[in-house]
Each structure stands twice: as structure tokens, then as C-alpha cells.
1. Taking segment 92-102, which residues are out of contact with any helix residue (DSSP H, G or I) (no Cβ under 9 Å at 6 or more places or on another chain) and within 22 Å of Arg29 (Cα to Cα)?
2. For segment 49-60, what are the residues that are assigned to a helix (DSSP H, G or I), of a type in the set (A, V, I, L, M) and open to solvent by less than 30 Å² (accessible area, probe 1.4 Å)?
3. Looking at segment 84-137, which of the residues that are open to solvent by 60 Å² or more (accessible area, probe 1.4 Å) and part of a strand (DSSP E or B) is farthest from Asn11 (Cα to Cα)?
4. Looking only at segment 140-150, which residues are part of a loop (DSSP other than H, G, I, E, B) and surrounded by fewer than 16 Cβ atoms within 10 Å (Cβ to Cβ)?
5. If I ask for residues that are open to solvent by 10 Å² or more (accessible area, probe 1.4 Å) and either assigned to a loop (DSSP other than H, G, I, E, B) or at pLDDT 95 or above (or both), which ones from segment 30-43 would you list?
6. Here is a check on your reading of the model: is Thr109 modelled with pLDDT under 95, more than 19 Å from Ile141 (Cα to Cα) and in contact with an Asp or Glu (Cβ under 8 Å, 6 or more places away or on another chain)?
7. Inspect segment 61-78 for any residue being outside any loop (DSSP other than H, G, I, E, B), loosely packed, with under 12 Cβ neighbours inside 10 Å and at pLDDT 85 or above and give the result as yes or no.
8. If I ask for residues that are at pLDDT below 75 and assigned to a strand (DSSP E or B), which ones from segment 1-19 would you list?
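The values are calculated or read from the model by the stated rules, or taken from the named source; none is laboratory data. Treat the numbers as computed from the prediction; the structure is a model and nothing was measured. Here the Cβ positions follow ideal geometry from the backbone for every residue, glycine too, while neighbour counts run over all protein chains shown. Side chains are part of the model used for accessible areas, which takes the heavy atoms of the whole protein and leaves out ligands, DNA and RNA. Shrake-Rupley method; radii C 1.70, N 1.55, O 1.52, S 1.80 Å.
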Amino acid sequence: MKHKYSYVIKNISWNTIKKLTEKIVVSIRKNNYQPEVIVPILRGGMPLALMLSQKLNIRCFETIQIVKSENDQINSAFGKAKIVNHTDMKLISGKNVLITEDVIDTLDTLTTAIHFIKKYNPKKILVSTLIDFSKDKNYKIISGRDYLKQKYWIVFPWD
């Protein structure tokens, strides 16, 4: 079932993204988590993955592309998350994996990604996101910013 939303639009600058990324890096180091492979959820998770790669000195990537929105328009309708492409995932077996995503809201995309990634037997999975709207904390999510009271339609510089 597809839903059309009318969220308030919130533009996020590169400067804000850098600050949110640094907050994520501090949290990862504070928790003594040592990711070995980054798995961005494409497309939105790639910019964060690249910035974390540099800050954490991780050069190993696998990718997963999941589509949920009907199109790239603001306040687009959503369907169910579905995997449309991925790399071979050989690199994650027995490794600490860091999933990156731009925004986490309903957990549909994240649940789809984690279910898929677990098939390849990673040692441990940690999730990082720039913006977290989810209230369900079944997953260990390190976010740059949590919005638990109101949802926004986030517009990033790469959108």
C-alpha cells in the first residue's frame, strides 16, 4: 500500500551534515565499535558512508540498493522497501559491519537491509544514520540527530 505524505520540508546543509557525521564518529569511538566494512543503503547512505570511511579509515565497502519511494519528488508516495541491487557481500562474512543510511523513519528499509545482510554472517552489525525519526529501538542506531516528536521531509544537498 502506498502512502502520500505532506511533511514540512527541512533543508540540511553540508555544514550540518559534517557536524552530524562528526557526532556519529564520536559515538562509534565512544562505544569502542570497530567497523571493518561499510554497507551504505543506496542511494542516500552513500554520502555518509564516504565521510565515515575517511574519518574511521575504512576502505572496505559492499552496497545494497533498496527502493521505497515512488520517485525522487518531495513528499513522494512510498511503497514497501525492496532490494533492487547489491554487491556480492563476500567481504562482510565474519566482519563488523556498519550500515549507513541518510534517514531512518519507518524501519522498513532498515529491516529489509539487516535481514538481507545477516544471510552473509557478519560478526556484528551497527547502524548509522544522519537523521533518525524511528521510535522503535530494536536496533543499535547511532544517529547524528533524532526527531522523535515531528517528522520532516529532509532535503539534502545531493537531492
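1. Of the residues in segment 92-102, the ones out of contact with any helix residue (DSSP H, G or I) (no Cβ under 9 Å at 6 or more places or on another chain) are 93-96.
Of everything in segment 92-102, those that are out of contact with any helix residue (DSSP H, G or I) (no Cβ under 9 Å at 6 or more places or on another chain) and within 22 Å of Arg29 (Cα to Cα) turn out to be Gly94, Lys95, Asn96.
2. As a first pass, look at segment 49-60 and keep what is assigned to a helix (DSSP H, G or I): 49-56.
Subsequent filtering for residues that are of a type in the set (A, V, I, L, M) retains 49-52, 56.
Ala49, Leu52, listed by residue number.
3. Lys124
4. Within segment 140-150, the first condition is being part of a loop (DSSP other than H, G, I, E, B), and the residues that meet it are 140, 147-150.
Once the filter is applied, which keeps residues that are part of a loop (DSSP other than H, G, I, E, B) and surrounded by fewer than 16 Cβ atoms within 10 Å (Cβ to Cβ), segment 140-150 yields Lys140, Leu148, Lys149, Gln150.
5. Within segment 30-43, the subset open to solvent by 10 Å² or more (accessible area, probe 1.4 Å) is 30-36, 42-43.
Those that are open to solvent by 10 Å² or more (accessible area, probe 1.4 Å) and either assigned to a loop (DSSP other than H, G, I, E, B) or at pLDDT 95 or above (or both): Asn31, Asn32, Tyr33, Gln34, Pro35, Glu36, Arg43.
6. Details: modelled with pLDDT under 95: yes; more than 19 Å from Ile141 (Cα to Cα): no; in contact with an Asp or Glu (Cβ under 8 Å, 6 or more places away or on another chain): yes.
Spelling it out, it is not the case that Thr109 is modelled with pLDDT under 95, more than 19 Å from Ile141 (Cα to Cα) and in contact with an Asp or Glu (Cβ under 8 Å, 6 or more places away or on another chain).
7. Residues of segment 61-78 that are outside any loop (DSSP other than H, G, I, E, B), as a first pass: 61, 64-69, 78.
Those still in the list that are loosely packed, with under 12 Cβ neighbours inside 10 Å too: none.
The answer is no, given that none of the residues of segment 61-78 is outside any loop (DSSP other than H, G, I, E, B), loosely packed, with under 12 Cβ neighbours inside 10 Å and at pLDDT 85 or above.
8. Selection gives His3 alone.
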